[in-house]
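Taking it in order: structure first as C-alpha cells, then the write-up.
The values are calculated or read from the model by the stated rules, or taken from the named source; none is laboratory data. Because the structure is a prediction, the values reported are computed rather than measured. A quick note on method: Cβ atoms are made from the backbone with ideal geometry, for glycine too, and the neighbour counts reach across all protein chains shown. For accessibility, only protein heavy atoms count, side chains too; no ligands or nucleic acids. Shrake-Rupley method; radii C 1.70, N 1.55, O 1.52, S 1.80 Å.
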Amino acid sequence: MNSAAALAVVLLIVSPAANCAQPASRPIQIKNESGKRAEIYWVDPNGQMIKQTSSFLVNGQTLELNSYVNHTFLVKEFLAEEPDECKADPPKYKSPTRSPLCKPPSEAYITVNDNDDQVIHILKDMEVETEDSQSKAREIATSITSTCQEKVKEMHPTQILDAFVKCAQPLVVNELHGAHKENKEQAMMRMELGGQWEEYSCKDMDLPTTAPKSIHYWQDDDGNQHEVGVLLDRDEAKIQYVKNFITPEECKAIEAAAAPSLHKATVADGAGGSELVKSRKALQAGVRVPWEREEDGDPIAAVSRRLYDYVNDATGYNLEEDGQEEIMSIQYEGRGIDDPEPDRYRPHCDGQCDGLLFRPSGRVATMVMYCEAPSKGGATNFRNVGVHIVPEAGTAAFFSYLGSDMVTDNRLTEHSCCP
C-alpha cells in the first residue's frame, strides 16, 4: 500500500435500549415591546389554544412561564371588538383595499428551544425575536474571533496557532471570569473558538499529539500491557489513546474482509440518508465480526473482544456484542500536501452530543484503530477541547460521549479528520 495512505478501522459502539427521555423544562420570559396589547396562548399537542394570561399583556409588560423544550405558543394582537363597519365586510373594503380597521389581528408562533435564559421579545406587528444563552455567547465569541483573526491574518501558518491562542486566551478568561460551572454560553464560545483552532492546527502538519493529562497502563486478557494517554477525562466525555492496540495480523484480516465490498465513503445528508461529497474521497466497507470463530483464534474476533473489554473498563457501560454495528473499515488515499482538494472529514459527532438525556439505542462510544499512518496529516481533531491526535500504526483513539447520569456530552467530542 502507498506509504502516504492510511487505513482507519472504526467500530461505533451502540448502547442497549434505555428509558425514553422526558422533555427538558425551560423557564422563559415573554416581553411585549410591540406598542399594542397582546394575548399569549399555549398550543397543546392536540392543537387546542390555552390562554396564558387572564386578560392581555400590555405594552412593556413581561410574562414569565415555566415551559418545556419544543412547546409552542401563539402570540396574538388583542382586539377588544371588531369595528361595526368590518362585521358586514362592505364591498369597498374587500382585499386588497380593505380598511386598515378591518385587518385581522397580527399573530406569530414561538417554540421553546433547548438554550438557557430565553427571552422572547414581541416587536411591531407581533413579530418575535428570541434572545438566549446561545445568541449572547455567539456575540461574545464573534467579537473575540474577529479581534484575533485580524491580528494573525498576515502571519506565517506556523506562527498563527500560538499567536491566536495568545490573543484569545485573555479575552476568553475575561469573559468567563467568575463562572463556577460550564454553561451554554461557554459551550458556544468554545465551539466558535474551536473552529478557528481546528483550521490553524490542521495547517501545522508537524503539530504532535496533544500531551496527555496522565498516563496509565491497561492489561488485556492475553496479559499484554498497553500505554493509555488520557487527553480528556469527564464523566460525560472521555478522550484517550491506546498504544499497540491492534496488531498487523488483525489489520490484514480486516482489510482482506473489507476488500470485496469497498465503496466510496459517504456522509450523512441530514435527512436520514447519505450522500457523496467532494471532501470525502475515502473508500469504506462494513466488516462482520465472526464471533462464532472467536475460540479458534480468529484475529477479527480477537481484536473486537479486546475492544469491548477496553470500552467497558474505561466507561463502566457493560456493553455486549449482540446488536452492535459492524466494524467500519475506512481507507484514505493521500495525494501529497499540494492536493487542492484533500480528503478530509468535516466536524461531526458520532452519536448524540447535545447535553440532553440519552435517546435509546444511540451510539455512546467510538474506537478508531490506525492500521497504517500517513507521513503527513490525517490527525483526528477534537476542536472544542483543543485535542489533536496524530495517527500512529497500531494505536487506537478512544472517545465516549455518555455520562453516568444518562446525559450526553455537549459537543466536547465533536471531531474532524485533518487533510
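Brief remarks follow.
- If only residues of the range 394-413 that are of a type in the set (Val, Ile, Thr) and within 21 Å of Arg363 (Cα to Cα) are counted, the one that is surrounded by the fewest Cβ atoms within 10 Å (Cβ to Cβ) is Val407.
- Checking Gly351, Gly378 one by one, the residue that is surrounded by 17 or more Cβ atoms within 10 Å (Cβ to Cβ), touching a residue at least 24 places away in the same chain (Cβ under 8 Å), at positive phi and touching a strand residue (DSSP E or B) at 6+ places or on another chain (Cβ under 6 Å) is Gly378 and no other.
- Which numbered condition Pro419 fails, given (1) modelled with pLDDT of 90 or more; (2) part of a loop (DSSP other than H, G, I, E, B): (1)
Yes or no, residue by residue, for (1) in contact with a strand residue (DSSP E or B) (Cβ under 9 Å, 6 or more places away or on another chain); (2) farther than 27 Å from Asn113 by Cα; (3) at pLDDT 90 or above:
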{"site": "Leu7", "(1), (2), (3)": "yes, yes, no"}
{"site": "Leu12", "(1), (2), (3)": "yes, yes, no"}
{"site": "Asn19", "(1), (2), (3)": "yes, no, no"}
{"site": "Lys31", "(1), (2), (3)": "yes, no, yes"}
{"site": "Pro45", "(1), (2), (3)": "no, no, no"}
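- Summed over the range 112-145, the residues that are open to solvent by 50 Å² or more (accessible area, probe 1.4 Å), under 30 Å from Pro170 (Cβ atoms) and aliphatic (A, V, I, L, M) give a count of 0.
- Condition check for Pro391 on (1) modelled with pLDDT of 90 or more; (2) surrounded by fewer than 20 Cβ atoms within 10 Å (Cβ to Cβ): one failure, at (2).
- Ile254 vs. criteria part of a strand (DSSP E or B) and at negative phi: no
- The range 43-53, subset in contact with a Leu (Cβ under 8 Å, 6 or more places away or on another chain) and part of a strand (DSSP E or B), residue least open to solvent (accessible area, probe 1.4 Å): Val43
- Test: residue in the range 152-170 that is within 24 Å of Val43 (Cβ to Cβ), at pLDDT below 85 and open to solvent by 70 Å² or more (accessible area, probe 1.4 Å): no
- Those residues of the range 195-218 which are aromatic (Phe, Trp, Tyr) and either closer than 30 Å to Ala163 by Cβ or under 22 Å from the mean Cα position of the chain (by Cα) (or both), in sequence order: Trp197, Tyr200
- Condition met for Gly323 (under 30 Å from Asn244 (Cβ atoms) and either modelled with pLDDT under 90 or loosely packed, with under 15 Cβ neighbours inside 10 Å (or both)): yes
- Considering only residues in the range 219-239 that are farther than 17 Å from Glu392 by Cβ, over 21 Å from the mean Cα position of the chain (by Cα) and of a type in the set (Asp, Glu), the one that is least open to solvent (accessible area, probe 1.4 Å) turns out to be Asp220.
- Matching residues, the range 393-408, being more than 16 Å from His226 (Cβ to Cβ), out of contact with any Gly (no Cβ under 7 Å at 6 or more places or on another chain) and of a type outside the set (S, T, N, Q): Phe399, Leu402, Gly403, Asp405, Met406
- Applying the set (1) modelled with pLDDT of 90 or more; (2) within 28 Å of Gln134 (Cβ to Cβ) to Pro347 leaves exactly one unmet item: (1).
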